[in-house]
Amino acid sequence: MKRHYLLSLFLLVSVLTMAQKPIAKFTETTHDFGVISGDKKEVSTKFEFTNTGQAPLLITNVTASCGCTTPKWNKAPVPPGGKGVIIVGFKPKGSVGFVEKTITVTNNSPENKIVLKIKGEVLPKDKKDKKDKNEKKTN
């Protein structure tokens, strides 16, 4: 009987503890910039999320796969039902062709690390200039 009581108590505490977790629900986890002009200084996007859990969500770190990608986020806890945003900038200088970068969001939810992606095609600066000149000639 004592074992049954302890097992029931353990299960109850486990269920209650699991119910008090934050959950980060992103509206999108991949953003496609499409075609990016090589002469752009930076392009950026926002990854919006909601804490659909029952405890405050804390984004402890956001890291990018390379130095050309810069994430910014609010370090304050996001309350249950609250919304947040991670702004990701990408500097295309030095890149040509298809690019895909990852951003890892470390947080206190059961899904401790969430991976976001940005992608696009960077055109060489002179190719963009030639394309613009050809369009002007046809007009």
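Every number in this text was worked out from the coordinates using simple rules, so none of it is lab data. All figures in this text were calculated on a predicted structure; none of them were measured in a lab. Don't worry about glycine lacking a Cβ; one is built from the backbone with ideal geometry, like all the others, and counts go over all protein chains shown.
Checked against a 29 Å cut-off, the cross-linked pairs Lys21/Lys75; Lys25/Lys91; Lys21/Lys93; Lys72/Lys125 give Cα-Cα distances beyond that limit for Lys21/Lys93. For Thr70, neighbours were defined as the other residues whose beta-carbon sits under 9 Å from its Cβ, and their charges (Lys and Arg +1, Asp and Glu -1) total +1.
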